[in-house]
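The values are calculated or read from the model by the stated rules, or taken from the named source; none is laboratory data. What you see is a predicted model; the values in this text were computed from it and never measured. Counting neighbours? That spans all protein chains shown, and the Cβs are built from the backbone with ideal geometry, glycine included.
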Amino acid sequence: MNRLARLARRFADAALQLTLPLFDLDVQRAPREPPSRAPSPDRARQAEGTRAIRLRSQQLQYKLRRSRRRTIGFSVDEYGLTVSAPRWVGIAEIESALDERGDWILRKMGEFRELVARRERDAIQWEHGGSVPFLGRRIVLRVVPQHRGAPQLERESLAISLPPAADSRQLRDLVHGWLQARAREHFAARIAHFSRHLGVQPSRWALSSARTRWGSCTADGSIRLNWRLIHLPERIVDYVICHELAHLVELNHSARFWGTVGELFPEHREARRWLREHNEPGE
């Protein structure tokens, strides 16, 4: 590969992100050509909205969206199944595509139901006696009016000073600030540790509050890490940091990139699988 081709490849991958696994699928079947006369707006609107279909003996609803796209696409999230289709594709063809991908759709919907149930079980109660995940363990929130100063970690509890009239939002904001400060400290130490092994350092790094990615690396050597990683076990934090640092050497997801990740963090496959199964940076 000549120098120009290498540069083109590098800038095509200018911002590689370790994303949350969003369930999305395009059906790359060639839809029939649009009719010479497009359907009326009223007819197109009637075709949109919530519809029902029976897949593999299961009754489910889906939201149909019409667009200018040329393929039929499916996406599954916490709100259910959404189908995006060209305006000229009929309902029969859409439901035929749904039937073809029925196993994938039902599997992903089941995975999302499990994810939502786990989030509900682990939801943080922003009150005295509630608990918050911190580096893989849960610490109890203790609102102590007589305590003075910043929140203080005492073994498995966090002492927090708030006036008696404080509400849950004030508690949450104070704890979030404490968690972000701990994230800066912990991430900085681990970046320094793994950078020494790699022999390369990021040009700079910063915390992010992204909802759909754990980390990212750009072509200028800048790294961003989601502060909510501080909730996760230390080994998972280390994996995400190693993943982004490896992009300083290989700005792609090639075999050489994964080889670099493996040198820094040999258990990367297990950590990657764990992240897929615990896809939940949000409160």
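Could you tell me whether region 128-136 includes any residue that is assigned by TED's automatic domain parsing to the domain that holds L245 and over 24 Å from the mean Cα position of the chain (by Cα)?
First, the residues of region 128-136 that are assigned by TED's automatic domain parsing to the domain that holds L245: none.
No; the residues of region 128-136 include none that is assigned by TED's automatic domain parsing to the domain that holds L245 and over 24 Å from the mean Cα position of the chain (by Cα).
I'd like to know if region 197-210 contains one or more residues that are under 21 Å from the mean Cα position of the chain (by Cα), closer than 26 Å to Y79 by Cβ, crowded, with 16+ Cβ neighbours inside 10 Å and in the same structural domain as P266 (by TED's automatic domain parsing). Looking through region 197-210, at least one residue is under 21 Å from the mean Cα position of the chain (by Cα), closer than 26 Å to Y79 by Cβ, crowded, with 16+ Cβ neighbours inside 10 Å and in the same structural domain as P266 (by TED's automatic domain parsing).
For region 197-207, state whether one or more residues are in contact with an Asp or Glu (Cβ under 7 Å, 6 or more places away or on another chain), more than 19 Å from P133 (Cα to Cα) and outside any helix (DSSP H, G or I). Yes, because at least one residue in region 197-207 is in contact with an Asp or Glu (Cβ under 7 Å, 6 or more places away or on another chain), more than 19 Å from P133 (Cα to Cα) and outside any helix (DSSP H, G or I).
The residue list R169, R190 contains one member that is loosely packed, with under 15 Cβ neighbours inside 10 Å, touching a residue at least 24 places away in the same chain (Cβ under 8 Å) and not in a loop (DSSP other than H, G, I, E, B), which is R169. Is region 216-231 home to any residue that is assigned to a helix (DSSP H, G or I), surrounded by 17 or more Cβ atoms within 10 Å (Cβ to Cβ) and among the aliphatic types (A, V, I, L, M)? Within region 216-231 (the criterion being assigned to a helix (DSSP H, G or I), surrounded by 17 or more Cβ atoms within 10 Å (Cβ to Cβ) and among the aliphatic types (A, V, I, L, M)), the answer is yes, since at least one residue qualifies.
Of all the residues in region 63-85, those that are in contact with a Lys or Arg (Cβ under 6 Å, 6 or more places away or on another chain) and at pLDDT 90 or above number 4. Summed over region 53-89, the residues that are part of a loop (DSSP other than H, G, I, E, B) and of a type in the set (S, T, N, Q) give a count of 2. Just to be sure before I move on: is S222 free of Cβ contacts under 8 Å to residues at least 24 places away in the same chain, in contact with a Ser or Thr (Cβ under 6 Å, 6 or more places away or on another chain) and either farther than 28 Å from S131 by Cβ or of a type outside the set (S, T, Y) (or both) in the structure I sent? Yes; evaluated as a whole, the condition is true for this residue.
Being outside any helix (DSSP H, G or I), modelled with pLDDT of 85 or more and at negative phi is a property that does not hold for A92.
For residues that are in contact (Cβ under 8 Å) with a residue 40 or more places away in the chain and out of contact with any Phe, Trp or Tyr (no Cβ under 9 Å at 6 or more places or on another chain), tally how many sit in region 103-121. Break it down into steps so the answer makes sense when it comes.
Just the residues of region 103-121 that are in contact (Cβ under 8 Å) with a residue 40 or more places away in the chain, to begin with: 103-106, 108-109, 111-112, 115, 118-119.
Narrowing further to those that are out of contact with any Phe, Trp or Tyr (no Cβ under 9 Å at 6 or more places or on another chain): 103, 106, 115, 118-119.
Of the residues in region 103-121, 5 are in contact (Cβ under 8 Å) with a residue 40 or more places away in the chain and out of contact with any Phe, Trp or Tyr (no Cβ under 9 Å at 6 or more places or on another chain).
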